[in-house]
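Comments concern the structure below.
The values are calculated or read from the model by the stated rules, or taken from the named source; none is laboratory data. Everything numeric in this text was worked out from a predicted model, so none of it was measured. Note: ideal-geometry Cβ built from the backbone for every residue, glycine included; neighbour counts use all protein chains shown. Surface accessibility is based on the protein's heavy atoms, side chains included, excluding ligands, DNA and RNA. Shrake-Rupley method; radii C 1.70, N 1.55, O 1.52, S 1.80 Å.
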Amino acid sequence: MKVKRYVVNAVPDALPMIRSDLGADAVILGTKVIRVGGFLGMFGKKKMEVIAAIDNNSTAKPPPAARPQMAQHKQASVNAAIGTITALGSQQTTSRNSAAAQYANAVQKPAAKPASLSPRPAPPPPDDSPIDLQKPQAEERLNERAFKEKQDEAAAISNEVMDELKDMKQWIVKMSKQQELKSWPEPLQNLYNRLNDQEVEGVWIDKCMSAVQELLKEQQVTEPNAGTVRAAAVQTLGKWLQGYDGAGIHPSTRVVHFVGPTGVGKTTSIAKLAAEQTLKAGRKVGFITSDTYRIAAVDQLRTYATILNVPLEVVFSPAEVVRAFTQLQDRELIFMDTAGRNFRNELYVSEVNSLLQSSGQSETFLVLSLTGKYKDMSAVAENFAKYGVQSAVFTKQDETSAYGAILNLIMEYGLKPAYLAHGQTVPDDITPFRTDRYIEQLLGASGNE
Ligand SMILES: Nc1nc2c(ncn2[C@@H]2O[C@H](COP(=O)(O)OP(=O)(O)OP(=O)(O)O)[C@@H](O)[C@H]2O)c(=O)[nH]1
Ligand SMILES: [Mg+2]
């Protein structure tokens, strides 16, 4: 068997070369998109690699008299195969066997007999079907398909180039940052690395570092050590977080709604806070739940309601919320549980918002787990901020050692952390958010920065 490799712009460009090098009996074994040239693997030109082969032992040649007719048939079939291969060429990789099989089929199959049994007209060929060049509209279809392929290819290339440029920009920024970092005294480098490890967003790290350096300059600290850098960082972050200490549930609040993604700890936090309000503040508490999506959800809250001796109302629609409030009118404080949803989808946010009506003063707590990804938390917080939700309960602090998301959300959306939950135990594992404690956690034990 003789095998040859061709690198061309499009698969059909290889066909005349294959025919002249290997003859009309050659088969295409496979095609794939490759990149040629470029810099560091980027900006390479997109090409098609075509592998073709001819079996040297193939001796089954038709007798001379039959040859002209056979050659004509083969030419038409090869043309039909061009259509198949053109369609295949638009894919990233083509299975070696399927390409060979389609090509071989197109070459070997006799022309199909007209269908005599079916009275229905044949449906138009699908867009990616093989094109028979002997049909009148064939050339038009071939051109349309080629144009569409070029369009798709151009769009894909422009997307790739954009992605590569973005990557390159990020890489350049990272490299220049690393260069700058190396020129800093070690305690400043440590602070930068600590904030980075805490997953504080780059923009806030940069601002914090500039503010710390500015402070050190003001204080005429020429050789900063761990202590002076930490004090400057505490001062900077303290200024940023001024007014963000969690005040707990306000004494005049009548209803607290809990919203947030699935499984973040909404129901558990309700139980913890209900216990705090009943046992410590001595308030008469009631529960409403609209979480009727999961069978066990109502039972979960009912269990806490029974333990805490708190009445529970279940609502199935916004219309029923009014009825539930009437039932609980003797309660001083009502906690409303909602179903966890994918709140990166704004539709769900507006849906849950329609449930958050209440009689009297109300607060809404967005519950977010610190084990989540900041990008997702940010999308959810942004959606809820549009509906005026400004307070949050951060949960599962015990399951992570990176707390930067809280700072990011304060700086980005002004989201006020009301409580911090740090375990599964009801009612103990929740505390009001304290900025001084938070800054200590963010900076780590003295000596880390
Ligand atoms: N480690 C840890 N686990 C927690 C914390 N808060 C809640 N959990 C656990 O997280 C799981 C989910 O808690 P739920 O209160 O049911 O969460 P949810 O947001 O109401 O869930 P859905 O109603 O399904 O959306 C449970 O196993 C809780 O015990 C926390 O602060 N730390
Ligand atoms: Mg729940």
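Between Asp330 and Glu399, the modelled labels are 3.9 nm apart [label points 7 Å from Cα along Cα→Cβ].
Taking all protein chains as they are arranged and a probe of 1.4 Å, the heavy atoms of Asp13 leave approximately 70 Å² accessible to solvent.
Restriction of the trypsin sites (Lys or Arg not before Pro) in the stretch 391-449 to DSSP coil positions whose beta-carbon has at most 16 other beta-carbons within 10 angstrom yields Arg434. With K and R counted +1 and D and E -1, the other residues having a Cβ less than 12 Å from that of Arg5 yield a net charge of +2. Remark: the Lys284-Ala296 segment gains 1.8 nm on full extension, using 0.36 nm per residue and subtracting the alpha carbon distance.
Ordered by solvent-accessible area of protein heavy atoms (1.4 Å probe), largest first, the residues Lys217, Lys266 come out as Lys217, Lys266.
Summing +1 for each Lys or Arg and -1 for each Asp or Glu, what net charge is found among the other residues whose Cβ lies under 15 Å from the Cβ of Gly44? Display every interim value, and only then the final one.
Working: positive: Lys32, Arg35, Lys45, Lys46, Lys47; negative: Glu49, Glu153, Glu160, Asp163, Glu164, Asp167.
Within the 15 Å Cβ shell, the charges total -1.
If the segment from Gln441 to Lys46 were pulled out straight at 0.36 nm per residue, it would be longer than the present Cα-Cα gap by 137.1 nm. DSSP bridge analysis restricted to the stretch 255-433 gives an antiparallel fraction near 10%, rounded to the nearest 5. Summarising the label geometry, the points placed 7 Å from Cα in the beta-carbon direction at Val203 and Arg344 lie 1.9 nm from one another.
Spatially, the stretch 389-420 and the stretch 261-332 are offset by 23 Å when compared through their Cα centroids. Taking 0.36 nm per residue of sequence separation and removing the Cα-Cα distance, the Lys182/Ala155 pair yields an extension gain of 5.7 nm.
Take every Cα pair under 8 Å in the stretch 360-449 that's 6+ residues apart, average their separations, divide by the length, and report that relative contact order as a whole percent. After rounding, I find 26 percent.
Here r is the Cβ-Cβ distance between Thr262 and Phe147 and R0 is 51 Å; the resulting FRET efficiency, rounded to 0.05, is 0.65.
Taking the inverse of the mean reciprocal distance over all distinct Cα pairs, the Kirkwood hydrodynamic radius of the stretch 313-449 comes to 16.6 Å.
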